[in-house]
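Colleague: Have a look at this one before I ask anything.
The values are calculated or read from the model by the stated rules, or taken from the named source; none is laboratory data. Since we're looking at a predicted model, the values are computed, not measured. We place every Cβ from the backbone using ideal geometry, glycine too, and count neighbours over all the protein chains shown. Note: areas computed on protein heavy atoms with side chains; ligands, DNA, RNA excluded. Shrake-Rupley method; radii C 1.70, N 1.55, O 1.52, S 1.80 Å.
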Amino acid sequence: MSIAASHIHHVAVIGAGTIGASWTAYFLSRGLEVTVSDPSAGAPDLVKRTIESAWPVLQRLGAVADAKPDAWRFEKDPVQAVAGVEFVQESAPERYEIKQALLPSIAAVLPQEVVIASSSSGLLISRLSEGCRFSGRCVIGHPFNPPHVIPLVEVVGGPTASPQAIASAMAFYRAIGKYPIEIRKEVPGHVANRLQAAMWREAVHLVAMGVASAADVDAAIAEGPGLRWALMGPHLTFHLAGGEGGIEHFMDHLVPAMRGWWADLGTPDLDVGAQKMLIDGVKEEAGDRSIADLAARRDEFLTRLLGLKRSLQATRPLASDAEPVAYR
Ligand SMILES: NC(=O)c1ccc[n+]([C@@H]2O[C@H](COP(=O)([O-])OP(=O)(O)OC[C@H]3O[C@@H](n4cnc5c(N)ncnc54)[C@H](O)[C@@H]3O)[C@@H](O)[C@H]2O)c1
């Protein structure tokens, strides 16, 4: 038994750093009530600042009409914070020992039908849910930074979650305008972070080998294939690389070359020297642009890009496009 998405009105956000604060802003924009918990004295202020800076972006992304930026309260004790909620989004630090102490304490006081979703970037849900009452209701609900902007949420049940809990988390995220995908087997890093890790490993290798500067490796993505990837993933992209013959022709034509490149890919160990090379390269690339400036530019770009994707889906829909979001 799980709670239907339409009956989820009150959510607990447990752990309110970068990700929990952003989740809070997003949940509020979907008209949900949020109780936030975090042991840090600075957490309420971070949440307040995050909501304030995210709210204009969330209005552009499609906040519901009656969304209230102040429909949240802070409760330091996580066990008290989950009282009466219908969904829990845990975003505590990425360490087994922290989450394995936290999750059983909140699971102990929650009815079986309340799903507990962990934002974990790569830990295994079968280990995180150890010792939880009704461990079958624990899933991974992994967002991408910043969760109030990026639609993807990876839902992982692993060998321990119940099919109902997975379905319930998928339905909830979909109902609030996210793009959940179900990861069928648990693996460290889930899917998207493994893809990022594979790409970054080679990016590091190329800089460490002196093949190109950090800035030029970044440009090789941001001014090249990265532009396509915002619309199509690597598989569909290569369907088009095969021309009219599609993926079959791509296999005949380019796979032999790809095999050769795969055999030559690097495995850098990111030792101190390689780290320094990258740090210097990235600082040179960033120049006088602050982290805040870069993040603001990223969020502005992403907001416009999401608007573009939505308008493309509306004006030139494909049969396979996702169903329109069922806004509450
Ligand atoms: N930063 C990212 O890009 C990113 C992206 C997706 C998912 N995540 C995941 O989200 C989770 C949180 O990451 P973050 O980047 O927000 O980290 P963070 O360090 O910014 O925030 C963690 C928060 O947890 C609080 N905390 C510490 N101990 C706690 C406890 N026992 N119970 C509850 N809260 C506690 C801290 O005070 C802090 O506010 C991690 O599992 C991480 O893997 C991070």
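Colleague: Could you tell me whether region 213-229 includes any residue that is outside any helix (DSSP H, G or I), over 26 Å from the mean Cα position of the chain (by Cα) and in contact (Cβ under 8 Å) with a residue 12 or more places away in the chain?
Modeller: yes
Colleague: Need pairs with beta-carbon distance below 9 Å; first residue closer than 20 Å to S213 by Cβ and within region 247-275, second of a type outside the set (A, V, I, L, M, F, W, C) and outside any helix (DSSP H, G or I); sequence gap 6+ or separate chains.
Modeller: Short answer, once both residue conditions are applied: A274/P268.
Colleague: Kindly list the number of the only condition in (1) within 9 Å of the ligand (Cβ to nearest atom); (2) touching a helix residue (DSSP H, G or I) at 6+ places or on another chain (Cβ under 6 Å); (3) open to solvent by 20 Å² or more (accessible area, probe 1.4 Å); (4) not β-branched (V, I, T) that fails for P39.
Modeller: Of the numbered conditions (1) within 9 Å of the ligand (Cβ to nearest atom); (2) touching a helix residue (DSSP H, G or I) at 6+ places or on another chain (Cβ under 6 Å); (3) open to solvent by 20 Å² or more (accessible area, probe 1.4 Å); (4) not β-branched (V, I, T), the odd one out for P39 is (2).
Colleague: Condition first: aliphatic (A, V, I, L, M) and under 21 Å from G20 (Cβ atoms). Now tell me which residues in region 171-194 satisfy that. Don't jump to the end; show me each part of the working.
Modeller: The initial filter retains those residues of region 171-194 that are aliphatic (A, V, I, L, M), namely 171, 175-176, 181, 183, 187, 191-192.
Across region 171-194, the qualifying residues are A175, I176, A192.
Colleague: Are any residues in region 232-241 of a type in the set (G, A, S) and touching a residue at least 12 places away in the same chain (Cβ under 8 Å), and if so, which ones?
Modeller: A241 - this is the single residue of region 232-241 that is of a type in the set (G, A, S) and touching a residue at least 12 places away in the same chain (Cβ under 8 Å).
Colleague: Another question about this same structure. Can you pull out the residues in region 242-270 that are under 26 Å from H205 (Cα atoms) and either open to solvent by less than 50 Å² (accessible area, probe 1.4 Å) or touching a Gly at 6+ places or on another chain (Cβ under 9 Å) (or both)?
Modeller: Within region 242-270, L254, V255, A257, M258, G260, G266, P268 qualify.
Colleague: When you scan region 138-194, how many residues do you find that are within 19 Å of H7 (Cα to Cα), outside any strand (DSSP E or B), in contact (Cβ under 8 Å) with a residue 40 or more places away in the chain and not hydroxyl-bearing (S, T, Y)?
Modeller: 10
Colleague: For the subset of region 118-159 comprising residues that are polar (S, T, N, Q) and open to solvent by less than 20 Å² (accessible area, probe 1.4 Å), which member is farthest from G84 (Cα to Cα)?
Modeller: So, considering only residues that are polar (S, T, N, Q) and open to solvent by less than 20 Å² (accessible area, probe 1.4 Å), the one farthest from G84 (Cα to Cα) is S120.
Colleague: Could you look through region 173-195, keep only residues that are among the charged types (D, E, K, R) and closer than 18 Å to G62 by Cα, and pick out the one that is most open to solvent (accessible area, probe 1.4 Å)?
Modeller: Among those residues, the one meeting the criterion is R174.
Colleague: Separate question: Could you check P93 against (1) surrounded by fewer than 13 Cβ atoms within 10 Å (Cβ to Cβ); (2) more than 10 Å from the ligand (Cβ to nearest atom); (3) over 23 Å from S6 (Cα atoms) and say which number it fails?
Modeller: Every condition holds for P93 apart from (2).
Colleague: Looking at (1) open to solvent by 20 Å² or more (accessible area, probe 1.4 Å); (2) more than 16 Å from the ligand (Cβ to nearest atom); (3) in contact (Cβ under 8 Å) with a residue 12 or more places away in the chain, which is the only condition P56 fails?
Modeller: (3)
Colleague: Applying the selection to region 1-36, what residues are touching a Ser or Thr at 6+ places or on another chain (Cβ under 9 Å), at pLDDT 95 or above, assigned to a helix (DSSP H, G or I) and surrounded by 16 or more Cβ atoms within 10 Å (Cβ to Cβ)?
Modeller: I19, G20, A21, S22, W23, T24, A25
Colleague: When you look at K76, is it within 15 Å of the ligand (Cβ to nearest atom) and not in a loop (DSSP other than H, G, I, E, B), yes or no?
Modeller: In short, no.
Colleague: Considering each of V82, V115, V88 in turn, give the residue that is touching a residue at least 24 places away in the same chain (Cβ under 8 Å), open to solvent by less than 50 Å² (accessible area, probe 1.4 Å) and more than 16 Å from the ligand (Cβ to nearest atom). Break it down into steps so the answer makes sense when it comes.
Modeller: Values: V82 fails: more than 16 Å from the ligand (Cβ to nearest atom); V88 fails: more than 16 Å from the ligand (Cβ to nearest atom).
Result of the check over V82, V115, V88: V115.
Colleague: Continuing with the same structure: Can you name every residue in region 118-137 that is at negative phi and either more than 15 Å from the ligand (Cβ to nearest atom) or assigned to a strand (DSSP E or B) (or both)?
Modeller: S118, S126, E130, R133, S135, G136, R137
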